[in-house]
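> Got a structure for you, questions after.
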Ligand code: URP
Ligand code: ZN
Ligand code: ZN
């Protein structure tokens, strides 16, 4: 055996139990009460939790966006992921205009493959479906990328007609359509209105995109998914009206899924009144307390399926472009290293169960996005394993993080409990604060939807 982890509390989405777990050639080979000590490496996890590595279903690494490129490349982003107990990232590969879907994957994989320190998959961010491009989705599916994101906002967002066509196509070839839902016309109108009145602070980023601007777009997206029968996954859901629409659609039996992010569970719109409010500028923006409460309630009752990060950090100097104009701030914040520790802290404090944290951060993204070898501690699956110390106090500071960014919205956040070790396919990539992985170790993960 290569590795035996002994005496830990193993956590799945439904059970917590004490057992040993054995690993050989990167796979989980046995889970039992006493597996002995006949292994190259034996670790005593008495008093610790043993968890599946998290899957971050939503990252933007080295993504050209907002007049620059997000500051974590595939090495920095996956290094940070490993150090926060995340062993797989699903990154957004943005299509260029006129580019067939398979070319998008090949182009991004040339950058990702030599850099990734943990495993990765892609979603394609669709910009253009003219001519043969719509049909080229099938080639991406055949290559293991069965999920596509559309943006209802930004200068590359698609029209309602294109969105609807993508849903029809998706129904035909069984893919997942993810959507960034906000009403683009209202955002653009509001931004213009505020700037021309000299209202330039980050608070007006929030006021340009308040609750109903997101909620209305959620309703439209869900309506069209219902009409077409297509599967729809709402990314970074942050408002109460959208939560209610997701809950209703699920009750009616539609395949509608929802993701939220730790920043929406932790911060409210009040951050935009802070002196460093620009650092929190992301879209959709953090909302009011009622929306945050609705997100937590939905998460606990199972109407939020996934917690992911939308990791899209920018350097302070780039965030500062918006010191006198909120519309110039590149949208996005860091989070890939913080997601699992944050959700596990909530479990440790009894606000959710450890099983729920595993369900949201590992089991559900694996199931929903067809990642068969990952997401749980099961014999035959990849040995993506986290040993978590529930008694270790940790305060997040930028210096202790492993990204390339120079500030974090999570600065000063106190957590109880923290990942102690992370294994990616059996390889120790993080140990007690130290990154031990290497660029190029991470593999492209082919996915196939099963639902
Ligand atoms: O502000 C954000 N969320 N930036 C990343 C791109 C996106 O919209 O997901
Ligand atoms: Zn988005
Ligand atoms: Zn995003």
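> Can you put 282, 83, 398 in order of Cβ neighbours within 10 angstrom, beginning with the fewest?
Final ranking by Cβ density, sparse to dense: 398, 282, 83.
> Follow-up question, since we're still on this one. Report the label-to-label distance for residue 113 and residue 351 in nanometres (one decimal), using points 7 Å from each Cα along the Cα→Cβ vector.
So the label points at residue 113 and residue 351 sit 4.2 nm apart.
> As I understand it, the value is the acute angle between the Cα axis of helix 240-251 and the longest principal axis of the Cα atoms of the chain; what does it come to in degrees, rounded to 10?
60 degrees
> For the pair residue 44/residue 270, report the inter-label distance in nm, with labels modelled 7 Å from Cα in the Cβ direction.
4.6 nm
> A follow-up question, please. Compute the FRET efficiency between residue 96 and residue 171 as 1/(1 + (r/R0)^6), taking r as their Cβ-Cβ distance and R0 = 30 Å, and round to the nearest 0.05.
The formula returns an efficiency of 0.70 here.
> Rg to Rh ratio, the chain, alpha-carbon atoms and Kirkwood radius? Could the numbers behind the result be given before it?
Numbers: Rg = 20.9 Å, Rh = 21.9 Å.
Reported Rg/Rh (Cα atoms, Kirkwood Rh): 0.96.
> Whole Å is fine, so just give me how far the alpha carbon centre of the stretch 70-122 lies from that of the stretch 147-168.
21 Å
> Also: If you take the alpha carbon radius of gyration of the stretch 257-390 and divide it by 2.2 N^0.38 Å, what ratio comes out, to two decimals?
Its radius of gyration relative to the 2.2 N^0.38 Å reference: 1.17.
> In whole Å, how far is the Cα centre of the stretch 278-323 from that of the stretch 209-236?
17 Å
> Once you place label points 7 Å from the Cα toward the Cβ at residue 432 and residue 406, how far apart are they in nm?
So the two model labels end up 3.2 nm from each other.
> Under the definition of Cα pairs under 8 Å and six or more residues apart, what whole-number percent is the relative contact order of the chain? Show your work: numbers first, answer last.
Values: 1116 pairs, mean separation 101.3, N = 451.
Relative contact order, the chain: 22 percent.
> Using a Förster distance of 51 angstrom, determine the FRET efficiency expected from the C-beta separation of residue 130 and residue 397, and round it to 0.05.
0.60
> Something else: For the stretch 260-311, what does the alpha-carbon gyration tensor say about shape, rounded, prolate or oblate, given a ≥ b ≥ c as the root eigenvalues, a/c under 1.5 as rounded, and a/b over b/c as prolate? Please list the in-between numbers first.
Values: a/c = 3.32, a/b = 1.73, b/c = 1.92.
Oblate, since a/c reaches 1.5 and b/c is not below a/b.
> Efficiency by 1/(1 + (r/R0)^6): what FRET value for residue 196 and residue 293, r their Cβ-Cβ distance, R0 = 41 Å, to the nearest 0.05? Let's see the in-between values first.
Details: r = 35 Å, r/R0 = 0.84.
Efficiency at R0 = 41 Å is approximately 0.75.
> What residues from the stretch 147-168 fall in the zone where the backbone N is under 19 Å from a label point 7 Å along the Cα-to-C-beta line of residue 372?
147
> Okay, which of the stretch 430-451 sit inside 19 Å, backbone N to the point 7 Å along the Cα-Cβ direction of residue 103?
Output list for this probe position: empty.
> Here is a follow-up. Per residue of the chain, what 222 nm ellipticity follows from adding -39500 (n - 2.57) for every DSSP H run with n ≥ 4, rounded to the nearest 500?
Calculated from helices alone, the mean residue ellipticity at 222 nm is -8500 deg cm²/dmol.
> For the stretch 353-451, just say rounded, prolate or oblate: build the C-alpha gyration tensor, square-root its eigenvalues into a ≥ b ≥ c, call rounded for a/c under 1.5, and beyond that prolate if a/b exceeds b/c, oblate if not.
prolate
A short reminder: the numbers here are calculations on the coordinates, not readings from a lab. All of these numbers come straight from a predicted model, not from anything done at the bench. Methodologically, a virtual Cβ is constructed for each residue, glycine included, from the backbone with ideal geometry; neighbour enumeration extends over all protein chains shown.
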